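Just so it is clear, none of the values below were taken in a lab; they were calculated from the coordinates. Because the structure is a prediction, the values reported are computed rather than measured. Every residue, glycine among them, receives a Cβ derived from its backbone with ideal geometry; neighbour counts consider all protein chains shown.
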Amino acid sequence: MAESIFPERIETDRLVLERIPSESTDVFELYDLCSTDSWRTDATEHMPWFRFRTLSDAARFVEHAESQWNDRETARYTVRPKSGEDGAGELAGLAAFGPEWDERRAGSGIVLAKRFWGRGYGRERARAMVELTFERFDLDAYYTTVAAGNERSRRMIESYVEAFGGRHEGLLRQYKSRPNGDVTDQHRYSITREEYESATNPR
């Protein structure tokens, strides 16, 4: 088995992110989350590929996550609030960290159940992923994209990108296809190593 280079567990002030799959990964729990009405509508409006129709779909997602982890392509995590948070220990959503080794950059994403919106969890997870990019993996840039029209996620992204000195690069038209064949416009944001270092080590 290939040696793991991704962290199995990431802790922030209020969240615990654990590798998928791990001992804590429960396919039935994952399927239950992804079967709720709010997950199938609001939570995944802009990421419909996280709507699992059957338990087998959820199991295949976990199997694929393991393959990506072993191939060092993508690290996928469950997201749970820590003790003291409303819903502590519950499966709140899913997160991913995706390095692009040849390009020396990485990106990340998150999808959360609606009841966990508005708490700043997306920003908190993102800050941890930005630190992974520059501190653990010594890459040169972090980037993320968000579908045009997804204003909630765009505001979340802008808040942490600006905090690290990054920028909005622009709107990429007809950029990303969805499983149903639709092609979406995407806003792209990035943070370079120089921007990150200036923001975290001010002189």
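Each Cα pair under 8 Å and six or more residues apart adds its separation to the average, and for the stretch 94-195 the resulting relative contact order is 25 percent.
Mean projected area of the convex hull spanned by the Cα atoms of the stretch 9-200, taken over all viewing directions: 10.7 nm².
The mean sequence distance of close C-alpha pairs (under 8 Å, at least 6 residues apart), as a share of the length of the chain, puts its relative contact order at 16 percent.
Dividing the summed helix terms, -39500 (n - 2.57) for each DSSP H run of n ≥ 4, by the number of residues in the chain produces a 222 nm estimate of -8500 deg cm²/dmol to the nearest 500. At an R0 of 35 angstrom, the distance between the Cβ atoms of GLU197 and SER4 translates into a FRET efficiency of 0.80. How many nm is it between the label spots at ARG155 and GLU11, if each spot is 7 Å from the Cα in line with the beta carbon? Taking the simple label geometry, ARG155 and GLU11 are separated by 3.2 nm.
Paramagnetic label reach from ARG40 (point 7 Å along Cα→Cβ; backbone nitrogen cut-off under 20 Å): within the stretch 160-203, residues 179-181.
Compared with the direct C-alpha span, the chain from PHE28 to VAL183 gains 52.6 nm at full extension, assuming 0.36 nm per residue.
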